[in-house]
């Protein structure tokens, strides 16, 4: 997949790399970088649509590349001509549309997740589970949920995604994965409110929430 979701200025957007553009349009990467740098666009447009990044070469050298949004891509390749170039432009635009649709769905699930997590937090407070677990009840139950769905703990998932403790792990989840996590959180909230204890909930969740998303 050439088009992916990345963060530019702390906002998740759909992007393609200058490396992909160079390979697809059969251009030298240095020429694509030059084309980006020579664009006579405003500073504001450049900041929003072209993010300087880097990649490792085959020689393990760190080299520059750009993460480019759909608007940036459209402006950049506007001058690329020929039937082959036109086919690739159409393909890229279709990919951007598909990924933006997925991003919108993901953002919608993230908004729903705020209310779901609040409900779980409230259930934990009312049951005094958080006090009993010395403030770690939410993370403890979250680990159970992650293990039931992904077969991995939060720390293992962070290592897999290559992110740190301060990064939001759920930014890495797909819309489908977010839905699964939120469904499990609602189930846990209900069981806590019903008076179940941690070991009972843990056993129930691990046995009844299938690892359908586990790698």
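Normalising the Debye intensity of the range 108-208 to I(0), with uniform scatterers on Cα atoms only, and taking log10 at q = 0.17, 0.22, 0.24 Å⁻¹ returns -0.76, -1.26, -1.44.
Per-residue ellipticity at 222 nm from helix content only, as computed over the chain with -39500 (n - 2.57) for each DSSP H run of at least four residues, stands at -19500 deg cm²/dmol.
The mean of 1/r over all distinct Cα pairs in the range 13-93, once inverted, gives the Kirkwood hydrodynamic radius of 13.1 Å. Can you bin the range 1-60 into rounded, prolate or oblate? Criterion: square roots of the alpha carbon gyration tensor eigenvalues sorted a ≥ b ≥ c, rounded for a/c under 1.5, prolate for a/b above b/c, oblate for the rest. The shape class here is oblate. Relative to the dominant Cα principal axis of the chain, helix 198-208 is inclined by about 50°.
Does anyone have the angle between helix 29-38 and the longest principal axis of the chain? Alpha-carbon axes, 0 to 90°, nearest 10? With both axes taken from Cα atoms, the answer is about 80 degrees. When the square roots of the Cα gyration tensor eigenvalues are ordered a ≥ b ≥ c, the ratio a/c for the range 54-138 is 1.5 or more and a/b does not exceed b/c, which makes its shape oblate. Axis of helix 137-149 versus longest Cα principal axis of the chain: the two differ by about 70°, to the nearest ten degrees.
Histogrammed with a bin width of 5 Å, the alpha carbon distances of the chain distribute as 1, 6, 12, 14, 15, 12, 9, 8, 7, 7, 4, 3, 1, 0 percent, first bin at zero. Does the range 97-163 come out rounded, prolate or oblate, given a ≥ b ≥ c as the square roots of the eigenvalues of its C-alpha gyration tensor, rounded meaning a/c under 1.5 and, failing that, prolate meaning a/b above b/c? Cα axes put the range 97-163 in the oblate bin.
Bear in mind that the values in this text are calculations on the coordinates, not laboratory data. Computed from a predicted structure; not experimentally measured.
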